[in-house]
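Read the structure below first, then the notes.
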């Protein structure tokens, strides 16, 4: 029998019991006013279908929410709204698991459904707690820029970036930065071939920081808070360059490292100066030798 109460523990040898047969199997044992089901009783056949339904319903709602969120909200979502994704995922997963458990321990269908419904609010609270913890960890990681160091580019790269400031090279729609091909330049061309506006040599890097609340909203939407801001000075003007964190070292290296053409010109000048010095030294030696010959 299923369990030990109320019949199994009450009967003794010689007691008269009534058995209920169905399809050749004992389904119920009755003793006086008590009745107890056996393992073959069809009374519990509802548990597996109900458990499957209580698991699939919250899970299907969670998948539907994630699909809708990704389609309608993801492209315009900033980091503070990502808690919706975390809360929905945790709540749907917990309620689905509770639904299976409730179908196994509930006395009947209403009892199992009630247990599952009662788990919705605690599951949502757990999801909110997880979202809060994730938000704190992400904010700490986003605020850390100490790992961003200049890396001079070795070849031409076109990076997604935005330049803001009262300068000629800060233009709406110029959302790429070309590095590794002379001086850095802004351009609307993802390939960096046309409409380039070169950043002048008067542009001096001050420091690198994380995104701040007063930064343009478009930066938060474009980079999802995974961005760094390079603060520069161009004369009396402040220039901000927002760029993805993974591309920030290359942009910083291009801004603080002289282009290869300047280095080549400098090196050529140094070699020319050395050649002139050698020529002068040879001329002095020739003059000295001529004087010695005249004296002789």
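Sorting 105, 90 on the 10 Å Cβ count, fewest up front, what's the list?
Lowest count first: 105, 90.
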For the pair residue 214 and residue 256, the simple spin-label estimate (label points 7 Å beyond Cα toward Cβ) gives in nm 2.5 nm
Looks like region 107-194, by Cα gyration tensor root eigenvalues a ≥ b ≥ c and the a/c under 1.5 rounded cutoff (else prolate when a/b is bigger than b/c, oblate otherwise), is prolate
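May I ask you to sort 224, 156 by Cβ crowding, counting other Cβ atoms within 10 Å and putting the fewest first? It would help to have the intermediate numbers written out before the result.
On the way: 224 15, 156 12.
Taking fewest neighbouring Cβ atoms as first place, the list is 156, 224.
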Contour minus Cα-Cα span, residue 20 to residue 166, at 0.36 nm per residue, comes to 43.5 nm
Where a ≥ b ≥ c are root eigenvalues of the Cα gyration tensor, a/c under 1.5 meaning rounded, otherwise prolate if a/b exceeds b/c and oblate otherwise, region 157-257 counts as rounded
If 176, 70, 207 are placed from fewest to most neighbouring beta carbons inside 10 Å, the sequence is 207, 70, 176
Length gained if residue 67 through residue 149 is fully extended, taking 0.36 nm per residue and subtracting the Cα-Cα distance, is 25.7 nm
Note: residue 48 to residue 11 extended length (0.36 nm per residue) minus current alpha-carbon separation gives 10.2 nm
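All of the numbers you see were taken from the coordinates with simple rules; none came from a lab. Everything numeric here is computed off the predicted structure, so don't read it as measured data. Neighbour counts run over all protein chains shown; Cβ positions are idealised from the backbone, glycine included.
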